[in-house]
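The values are calculated or read from the model by the stated rules, or taken from the named source; none is laboratory data. Computed from a prediction, not measured in an experiment: that's the story for all the values here. Here the Cβ positions follow ideal geometry from the backbone for every residue, glycine too, while neighbour counts run over all protein chains shown. The accessibility values were calculated without ligands, DNA or RNA, using every heavy atom of the protein model including side chains. Shrake-Rupley method; radii C 1.70, N 1.55, O 1.52, S 1.80 Å.
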Amino acid sequence: AREESDSGPFRLIGNQFAQARVGSNPTSSANMNKSTKLFLIFLVFSLITVIVTMMTWQNPAILIPILVLIAYIKQSYEPINRPILTFICFGIAGTTMEALIMISGSWSYATPHLLNFPVWLPFLWGVAGTLSVTLYKAIKS
């Protein structure tokens, strides 16, 4: 049995030739894998966020640190540019839009703390913002 080296230009050319023979494109398969990974990160962290919010919405002292921790852990799995700025901008914008829409009486929260919304809502919007950037990267790749 002959062992092949993983290095060298001929090995690389051989791999590209073998992939071309079976009709696969190494670039598109790498992009598909990156896209799938990003989408799975988005999906898993979205589900965790929803479940945690559903379980702890009545206790902001517990929910807020967990939402910040979720955003921090998500950043370690798939970093985005300017995560703190993204978190803050989405937190402010999302909450402001909700507050303005709620003025019309379309809905209300069971435990409003501040301007008709719960104090944890900006943090939930912040997580949603960072997850949205990851989803955008998944769609783009």
*Which pairs do you get when a residue that is free of Cβ contacts under 8 Å to residues at least 60 places away in the same chain and within 15 Å of A138 (Cα to Cα), found in segment 76-88, comes within reach of a residue that is open to solvent by less than 90 Å² (accessible area, probe 1.4 Å) and hydroxyl-bearing (S, T, Y), reach meaning Cβ atoms under 7 angstrom, with the pair 6+ apart or on two chains?*
E78/T134; I80/T86; I80/T130; I80/T134
*Tally the residues that are open to solvent by 80 Å² or more (accessible area, probe 1.4 Å), more than 12 Å from the chain's Cα centre (by Cα) and among the polar types (S, T, N, Q), restricting the search to segment 58-93.*
2
*asked:* Need pairs with beta-carbon distance below 7 Å; first residue open to solvent by less than 60 Å² (accessible area, probe 1.4 Å) and within segment 129-141, second modelled with pLDDT under 95 and of a type in the set (D, E, K, R); sequence gap 6+ or separate chains.
replied: T134/E78; S141/K34
*For segment 67-93, which residues satisfy the criterion of being within 22 Å of F39 (Cβ to Cβ), of a type in the set (V, I, T) and either touching a Phe, Trp or Tyr at 6+ places or on another chain (Cβ under 8 Å) or assigned to a helix (DSSP H, G or I) (or both)?*
I70, I73, T86
